[in-house]
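Encoded as structure tokens, the structure appears first; notes follow it.
The values are calculated or read from the model by the stated rules, or taken from the named source; none is laboratory data. Only a predicted model underlies this, so the values are computations on that prediction, with no experimental measurement involved. As a convention, Cβ positions derive from the backbone with ideal geometry for all residues, glycine included, and neighbour counts pool all protein chains shown. SASA here: full protein model, heavy atoms, side chains in, ligands and nucleic acids out. Shrake-Rupley method; radii C 1.70, N 1.55, O 1.52, S 1.80 Å.
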Amino acid sequence: MRWKGIFYERRLFPNGWVAGASLAALALMVPLIVIFSGILEPTDKVWSHIVNNLLGTYTMQTLLLMLGVAVCSFVMGVNAAWVVSKYRFPGRRLLEWALIMPLAIPAYLSGYAWAGMLDYTSPLYSFLRNNFGVHTGQYLFFDLLSLPGAIVVFSLSLYPYVYLITRTFFQHHAGNMFDAGRSLGLGPWAIYRRLGIPLARPAIVAGISLILMEVLNDYGLVNYFGVETYTTGIFTAWFAFGNVGAAMKLSALLMVFVLGLLLMEKYQRRNLWYAGQPTYAATHPNRRKVRFGWVITVLTSLPFVLGFVVPIAAFIHWTVSVDAANHRDFGRLLLNSFQLAATAAVLVTVLSLFLGFTIRTFPGLLTRVSVRIATLGYAIPGAVVAIGLLVTTLWLDSKGGGTVLITGSIAALVYAYAVRFMAVGFHSIESGNERISVHLDQAARSLGSSLWRTFLRVNLPLMRGPMAVAFMLVLVDVLKELPLTLILRPFNYDTLAIRAFEYANDERIAEASPAALVIITAAIIPVILLNLIMKHNPHHKPSKK
Amino acid sequence: MSILIADQLTRQFPGSTTPAVINFSLRMEEGELVALLGASGCGKTTVLRMIAGFERPNSGSLVVYGQTMIGPEKFVEPEKRKIGIVFQDHALFPHLNVHENIRFGLKGMLVHHSKRVVEKMLEITGLAGLGGRYPHQLSGGQQQRVALARALAPEPLLILFDEPFSSIDTLLRKSLRHEIAEILEQTGTTALLVSHDIDDAFALSNRVVVMNHGVIVQEGKPVEVYRNPANKYVADFFGQANYLPVSAFDERMTGLICCSRQRVMGDELVCIRPDGIRISLQKAENSLEARVLTARFMGQYTEVTCECDLGGQTQRITIHTRETGFDANTRIGYLQIDPSVCTVVE
């Protein structure tokens, strides 16, 4: 007896799990599809105005900003990683950890803090003027609210991405190569130049790609510093011209940059080889002792002090000194923010658990593609997701009888967060799943458990830890999020991030401090967690978050 | 009634040019313990996974206890098959204690009833009193027995073992094999064991099936397969062997060795196990004069490599003997080859 193989092949959708995963992926892909369909929209006067007068500036400034941030964060991040990995100096252990902390301050908040401090009317400037007679015209040292200023502030808050990934490489994956270099007579500087940087190149490029994606995502900082990037262009098109078509076209153009970065990151990460088992050098680091170690201490702590200590100190100072009457509706802000963030985090976590179990059980092509699509959003700038969804909801509302029901609703906002942050939640669930033998599921099924029972009784209880991590990471990301929230929030619905943005734009930065501090406090937790993960599991590849 | 009838199961993985398993057929009777052996990559694990229901064959059928599990347009999900499985990594649920692990497959059973079953299983497997422990609080051997107890509790029609002892250290492995063999016999369980370790097969099975490159190359009682391997692969898989050209033997001996074969081509090899050769001091029929090259004491036997003249050529022969005290480069006496333990292999 022999039958043709066709009887045994699975149908396209063997079950509800894979079908569900595909549907989720389709749903999460909508904003992106809509954006690219925008290219087909007929051009109008606004668009030709943008093309003729603004597009050149947007492109130029975006490119310059990216280049500047890449160079600056390379200098800060890679040098710090090398020094911390290879030298012994006072405070090394503390700095190794502290250098990641700036990641807890979203770039736009860091920008507000620095702008507030270096303002002509700021206490710092007044102090210098009154006591030392420093008069430099309108600006203290240089005009911070400019492209170079934005580059510095971006680099100060984002360099930890490249620092973290190269530090891990230097400490755990380079094997005995540096020791080999030393035995061949290379001095410390030559080892760094001839071995350290070339070997870590894939890690460096991957780290910088992540940084640049964050830069493209930002709106708060570039808006305040007056840098005209694609993101500011999208906001201008929508809020100033009220023209969705132009916003869509700019979004599509912005996506070209993102795709470029994404490809570069993927390509370089593939080249990141790992030395496999931790070598002797990794477990017994032999750090070089240097003379004048405190000089290194001071230099290496600069990114930490400027990127973390100073902005936080400024916000604390302002929070304490601002009149309490200004904090009256702070309770409502907190409630709004945390409700919104928690709702989005629950949605993402539940979806991630579902996708995680599906790909674990049915790792077929369809599931893999679905998961890939569903987690694509992390690369798409918030403004782009927002415009894509805005167009969708406007269309749905127009089909639904002309009443504005979905546009500007909490549901649409939460949905957009899910699109944007699905990857963050899914990654922690996925790494949790990777640690559990698939034999557990098979054992449960051979004992008569259906897939549902296996999911509920075996997978879920084992996912408690990763679930908590996923929930928290998404919660914090939503709290920090600005551009997407600005575009999609319901009318007059304020969150902490929105309030900080609005105060800053009203030149009332001091009053933005309490909101900023809450966001930063929440954001510190995942940063500490990330550091622990990288320390204990050096084979973990840092992803976006 | 046959417990399991696998007929022509074939599995080709997408993207691979050759099937992992080709026309695998096997019949198992109630209470039988069968070992499926082969080097890694021979397809044995794929067979096990097809029987368990985690892998779909491209063709073929599977009937377990009269119920078709795999057939044309028929595929029974693993949870509906009543086939237990014990994994190499034990796959105990880390969030459940021993008691809850064993009770996991007893859903729909009254609590006091399932409790009794669990107690009975704990007793059979020698785990009485450990029900409240969590998997990480158990030794490797205890985990193994919990895995077995859990698989046995729902009274499966058939139980599968996937390399059950490879994660357990050598000392413990031996005693555990015997314990598990006893439990299986005591409970009258039908079991299929997949392993690359011949000691597992000898200790646990009453029939072995040897696979290579996705096909069955030989099956039979362990001793038959050991003494009379079908080919060089099987012979090597089951331990050391001497290979001598069939042409080296005289006609009478050849006749005795090859009695079961239709035709002798002349280029076949005769396979003789090192423990199938005796040393005697007197010259007799079929005996060869031999000289010791090396002698190595191995504990339970001494491995002696000797040289002898066979059919005009000098041949090396390795023998295992319980005697000790051989000196290199001395005459050993005569090697007596029993034709009944010789097999012709290709």
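Against the list (1) surrounded by 22 or more Cβ atoms within 10 Å (Cβ to Cβ); (2) of a type in the set (A, V, I, L, M, F, W, C); (3) over 22 Å from B:Gly188 (Cα atoms), the condition B:Ile22 fails is (1).
Tallying residues that are modelled with pLDDT under 90 and either basic (Lys, Arg) or open to solvent by less than 30 Å² (accessible area, probe 1.4 Å) (or both) within region A:292-317 yields 1.
Looking only at region A:425-439, which residues are of a type in the set (A, V, I, L, M, F, W, C), surrounded by 21 or more Cβ atoms within 10 Å (Cβ to Cβ) and within 14 Å of chain B (Cβ to nearest Cβ)?
Answer for region A:425-439, where residues must be of a type in the set (A, V, I, L, M, F, W, C), surrounded by 21 or more Cβ atoms within 10 Å (Cβ to Cβ) and within 14 Å of chain B (Cβ to nearest Cβ): there is none.
Of all residues in region B:136-163, those being open to solvent by 10 Å² or more (accessible area, probe 1.4 Å) and more than 30 Å from B:Gly41 (Cα to Cα) number 5.
Scan region A:448-463 residue by residue and report those that are in contact with a Gly (Cβ under 8 Å, 6 or more places away or on another chain) and open to solvent by 10 Å² or more (accessible area, probe 1.4 Å). Those that are in contact with a Gly (Cβ under 8 Å, 6 or more places away or on another chain) and open to solvent by 10 Å² or more (accessible area, probe 1.4 Å): A:Gly448, A:Leu462. When B:Thr321, B:Thr343 are checked against the criterion of being of a type in the set (Ser, Thr, Tyr), within 24 Å of the chain's Cα centre (by Cα) and buried (at least 17 other Cβ atoms within 10 Å of the Cβ), B:Thr343 stands alone in meeting it.
Residues in region B:102-119 that are of a type outside the set (Ser, Thr, Tyr) and either more than 9 Å from chain A (Cβ to nearest Cβ) or in a strand (DSSP E or B) (or both): B:Ile102, B:Arg103, B:Met109, B:Leu110, B:Val111, B:His112, B:His113, B:Lys115, B:Arg116, B:Val117, B:Val118, B:Glu119. Of all the numbered requirements in (1) open to solvent by 20 Å² or more (accessible area, probe 1.4 Å); (2) more than 8 Å from every other protein chain (Cβ to nearest Cβ); (3) closer than 23 Å to B:Val234 by Cα, B:Leu37 misses one, and that requirement is (1). Please indicate, with yes or no, whether at least one residue in region A:193-210 is on the phi < 0 side of the Ramachandran plot, among the polar types (S, T, N, Q) and modelled with pLDDT under 85. So far as region A:193-210 goes, no, none of its residues is on the phi < 0 side of the Ramachandran plot, among the polar types (S, T, N, Q) and modelled with pLDDT under 85. The residue list A:Leu479, A:Leu460 contains one member that is among the hydrophobic types (A, V, I, L, M, F, W, C) and either within 17 Å of A:Asn15 (Cβ to Cβ) or within 14 Å of chain B (Cβ to nearest Cβ) (or both), which is A:Leu460.
Among the numbered conditions (1) surrounded by fewer than 24 Cβ atoms within 10 Å (Cβ to Cβ); (2) outside any helix (DSSP H, G or I), the only one that A:Val227 does not meet is (1).
Being within 14 Å of chain A (Cβ to nearest Cβ), part of a loop (DSSP other than H, G, I, E, B), open to solvent by 80 Å² or more (accessible area, probe 1.4 Å) and on the phi > 0 side of the Ramachandran plot, is that true of even one residue in region B:90-98? Checking region B:90-98: not a single residue is within 14 Å of chain A (Cβ to nearest Cβ), part of a loop (DSSP other than H, G, I, E, B), open to solvent by 80 Å² or more (accessible area, probe 1.4 Å) and on the phi > 0 side of the Ramachandran plot. Going by the structure shown, is A:Leu23 over 30 Å from B:Phe75 (Cα atoms) and part of a helix (DSSP H, G or I)? Against the criterion (over 30 Å from B:Phe75 (Cα atoms) and part of a helix (DSSP H, G or I)), A:Leu23 does not qualify.
When region B:50-79 is filtered for residues that are more than 7 Å from every other protein chain (Cβ to nearest Cβ) and surrounded by 21 or more Cβ atoms within 10 Å (Cβ to Cβ), the ones remaining, listed by number, are B:Met50, B:Ile51, B:Gly53, B:Gly60, B:Leu62, B:Val64, B:Met69, B:Ile70.
The criterion of being in contact with a Lys or Arg (Cβ under 7 Å, 6 or more places away or on another chain), open to solvent by 10 Å² or more (accessible area, probe 1.4 Å) and on the phi < 0 side of the Ramachandran plot holds for A:Leu473.
When B:Val270, B:Val234, B:Val292, B:Val304 are checked against the criterion of being open to solvent by less than 70 Å² (accessible area, probe 1.4 Å), aliphatic (A, V, I, L, M) and part of a helix (DSSP H, G or I), B:Val234 stands alone in meeting it.
Here B:Ser340 clears all of (1) modelled with pLDDT of 80 or more; (2) within 21 Å of B:Leu244 (Cα to Cα); (3) not in a strand (DSSP E or B) except the condition numbered (1).
Got a sec? Which of A:Ser370, A:Ser337, A:Ser321 is surrounded by fewer than 15 Cβ atoms within 10 Å (Cβ to Cβ) and either in contact with a strand residue (DSSP E or B) (Cβ under 7 Å, 6 or more places away or on another chain) or touching a residue at least 60 places away in the same chain (Cβ under 8 Å) (or both)?
After applying the criteria, what remains is A:Ser321.
Looking across region B:177-203, the residues that are surrounded by 21 or more Cβ atoms within 10 Å (Cβ to Cβ) and assigned to a helix (DSSP H, G or I) come down to B:Ile180, B:Leu184, B:Asp200, B:Ala201.
When B:Met109 is tested against (1) touching a residue at least 24 places away in the same chain (Cβ under 8 Å); (2) surrounded by fewer than 22 Cβ atoms within 10 Å (Cβ to Cβ), only condition (1) is not met. Pairs are defined by a Cβ separation below 9 Å, a sequence spacing of at least 6 or placement on different chains, a first member in region B:270-299 that is over 15 Å from B:Tyr334 (Cα atoms) and of a type outside the set (Asp, Glu), and a second member that is outside any strand (DSSP E or B) and open to solvent by 90 Å² or more (accessible area, probe 1.4 Å); the pairs so defined are B:Ala295/B:Thr324; B:Ala295/B:Asp327; B:Phe297/B:Thr324. Applying the condition of being in a helix (DSSP H, G or I) and without any contact (Cβ under 8 Å) to a residue 24 or more places away in the chain to region A:461-516 and asking which residue is farthest from the chain's Cα centre (by Cα) yields A:Pro461.
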